[in-house]
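None of the figures in this text is laboratory data; all of them are computed from the coordinates on show. If you're wondering where the values come from, they're calculated on a predicted model, not measured in any experiment. Neighbour counts run over all protein chains shown; Cβ positions are idealised from the backbone, glycine included.
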Amino acid sequence: MKQGDIVLTPLPQADGQIENRPALFLRVMPPFNDALVCGISTQLHQKVSGFDEIIARQDRDFASSGLVSDSLVRLGFLAVIPNSKLIGSVGSISPERHKRLLKKLSDHLLKV
């Protein structure tokens, strides 16, 4: 699995349960090469304008994403997951979208 992949991994839910959910593999994190991921949801109404991003059926990288319906990449739902917990990859997003999402996250973290 690599950066930009849509992976299945155990993620904590709002009710405290841990479920296997789709997530975007954003970056490899030192020192153990764990995966920084952000959650993906079909709850489009949760979108944070100017921050989160929807992957829609008409987008050119939707088919390669492996997602089955319009989905929300939730940059505010981050987790660091050991590679051993990543179940597998279902697809990937375009390098352009991956770069844009990393920039949005970086810009947010650098705000003063």
Could you count how many residues in the stretch 60-74 are outside any helix (DSSP H, G or I) and touching a residue at least 12 places away in the same chain (Cβ under 8 Å)? 10
Could you check, for the stretch 43-60, whether at least one of its residues is among the small types (G, A, S), within 25 Å of K103 (Cβ to Cβ) and in contact with an Asp or Glu (Cβ under 6 Å, 6 or more places away or on another chain)? yes
Residues of the stretch 24-42 classified as over 14 Å from the mean Cα position of the chain (by Cα) and of a type in the set (S, T, N, Q), total: 1
Might you let me know whether the stretch 75-86 holds any residue that is out of contact with any Leu (no Cβ under 6 Å at 6 or more places or on another chain), farther than 14 Å from V7 by Cα and either in contact (Cβ under 8 Å) with a residue 12 or more places away in the chain or not in a helix (DSSP H, G or I) (or both)? yes
Pick out the one residue from L67, L72 that is out of contact with any Asp or Glu (no Cβ under 6 Å at 6 or more places or on another chain) and surrounded by 16 or more Cβ atoms within 10 Å (Cβ to Cβ). L67
Leading residue by the ranking (surrounded by the most Cβ atoms within 10 Å (Cβ to Cβ)) among those in the stretch 1-18 that are in a strand (DSSP E or B) and under 15 Å from the mean Cα position of the chain (by Cα): V7
How about the stretch 92-112: which of its residues are surrounded by fewer than 17 Cβ atoms within 10 Å (Cβ to Cβ) and in a strand (DSSP E or B)? none
